[in-house]
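Below: the structure, in structure tokens.
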Amino acid sequence: MSIDKRIKGLFSEDTATQKAQARLLLQRERELEAAQRLSEALFQHLTVNDLVQKALHTALDVMGAEAGSVLLADADSQQLVFRHSIGENPVPPGTGMAWSEGIAGSVFISGEAAVIPDAQRDTRFFGGIDRTTGYQTRDMIALPLKRWGGQPIGVLNVLNKRNGSLNKDDLAILTIISSLTATAIEQARLFEEAKLAEVVHRIGDIGHDVKNMLTPVVLGAKILEEELDAFFSRTPSTEVPGAQKSQERCDMVIGMLNNSARRIQDRVKQIADCVKNLSSSPEFAPCRLASVIQSVLDILGLQAQEKRVSIRLDGLDGLPEIFADERRLYNVFYNLINNALPEVPVGGSITVSGRAESDHLRLSVADTGRGMPHEVLNSLFTPHTISRKPGGTGLGTKIIKDVVEAHGGTITVESKEGVGTTFYICLPLRSTL
């Protein structure tokens, strides 16, 4: 070999070495950037939702990828549930898929990451999500999110690298991101559980105090009832007609006091169960919805009259008897009507309608209020419900949804700003035998 060729070879080797070193240096810089950005989140006490969003944004930024998602495992339904998604057509939060399904399911069960250069040709690929969103997955990396003991808690998906295709170098960086993300999620969950334990403890104290404060109300109502009965029994015969009407009104008010006291105690317990994510089994019995809703109006009717809002009932008397938990359904309609009252202007209305179909009842609560903004509407029935009431928590809508689902039913909502809001409830017609 000539001296010139040898010299050129040496330079070529030097150039190749320099390129390899530069590439390795760039890789390390990307890994450090990802580690630094995620490490900062570990010390911010963010919520699980905030952490998931931060991790996903970091992964896509560092990778230069178009889209991605974080799915967390739901042990009760054995599903991977989309917690957060980024992209041109993001997957709606709460969308679930069986945790044995698709590439994400395979990664979750095996605990091993997967680099997929052509997702459409992979036999594990589940095209249902692409069809739903209208987005096409080309290449992807899926990594398991594991807690400290190695047990998977979810999956991180990164899709469609803008320049080139996702590869093993990208996998190395994403492995760091997924490890830190899983650690941060576990830390946030522990932090939230500690706060929840404190809230449950406080609610227990409040419930005990409420029960103690209601005791004299109930006893006082009983004594008042006995005193009034004795008083009216001594009424002269000439004044009996007027006295009888007066006694009926007094009995109605005393009954209202007793019923409200009992329902306040039930509500405090229900709120405590809801916060603990627990629920006692429904007590099903023959039930007429017309009676349940009328009992709600007995309490809220005066408030509606003061606001000059009319409450209308349509088609309820003809509804068949169903098998249901009357106290819980009372809470559903009390919440819906009570929440609507502040939203409806003077002269407006709230209409409760119902009709029976082949195997279910269709009910609606419609108001002519101010309607809900898009962000409030989309947050309903989620763990992150937005309440417009001062000091509101949005817990009422979660209780409503839990009750309806405990009856095997569904609830949906439509709302338009400046027009009003309508909640639709569908309950199955169960045998009362």
task: Give me the compactness ratio for the stretch 280-384, meaning the Cα radius of gyration over 2.2 N^0.38 Å.
output: 1.14
- prompt: Counting only the heavy atoms of the protein chains, how much of HIS374 is accessible to a 1.4 Å probe, in Å² to the nearest 10?
  reply: 130 Å²
- line: Rounded to the nearest 0.05, FRET efficiency between ASP359 and SER291 (Cβ-Cβ, R0 22 Å) equals 0.50
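Sorted by average packing, counted as other Cβ atoms within 10 angstrom per residue and highest first, what order do 68-76, 122-130 take?
Details: 68-76: 18.8, 122-130: 15.0.
Output ranking for 68-76, 122-130: 68-76, 122-130.
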message: Using only the alpha-carbon atoms of the stretch 40-149 as identical scatterers, what base-10 log of I(q)/I(0) does the Debye formula give at q = 0.20 Å⁻¹?
response: -1.22
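Assuming R0 = 25 Å, can you tell me the calculated FRET efficiency for the pair SER246 and SER349, based on Cβ-Cβ distance, to the nearest 0.05? Could you put the intermediate results ahead of the total?
On the way: r = 32 Å, r/R0 = 1.28.
E(calc), rounded to 0.05, equals 0.20.
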message: Per 0.36 nm of contour for each residue apart, how much would the distance between GLU227 and PHE284 grow if the chain were fully extended, relative to their Cα-Cα spacing?
response: 16.8 nm
task: May I ask you to derive the FRET efficiency for ARG121 and ILE299 from their Cβ-Cβ distance with R0 = 51 Å, giving the value to the nearest 0.05?
output: 0.25
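With 20 Å as the cut-off, how large is the P(r) tail for the stretch 87-175, expressed as percent of Cα-Cα pairs? Don't skip to the end; give the middle numbers.
Values: 1307 of 3916 pairs.
When all Cα pairs of the stretch 87-175 are counted, 33 percent exceed 20 Å.
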message: Using 0.36 nm times the number of residues separating VAL217 and ALA98, minus their current alpha carbon distance, what extension gain do you get?
response: 37.7 nm
query: Using modelled amide H (1.01 Å from N, peptide plane; none on Pro or chain starts), what sits under 5 Å from the amide H of ASP325, excluding residues fewer than 5 places away?
result: ALA285
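The values are calculated or read from the model by the stated rules, or taken from the named source; none is laboratory data. Just so it is clear, the model here is predicted, and its values are computed rather than measured. A quick note on method: Cβ atoms are made from the backbone with ideal geometry, for glycine too, and the neighbour counts reach across all protein chains shown. Just so you know, the surface numbers come from the protein's heavy atoms only, side chains and all, with ligands and any DNA or RNA stripped out. Shrake-Rupley method; radii C 1.70, N 1.55, O 1.52, S 1.80 Å.
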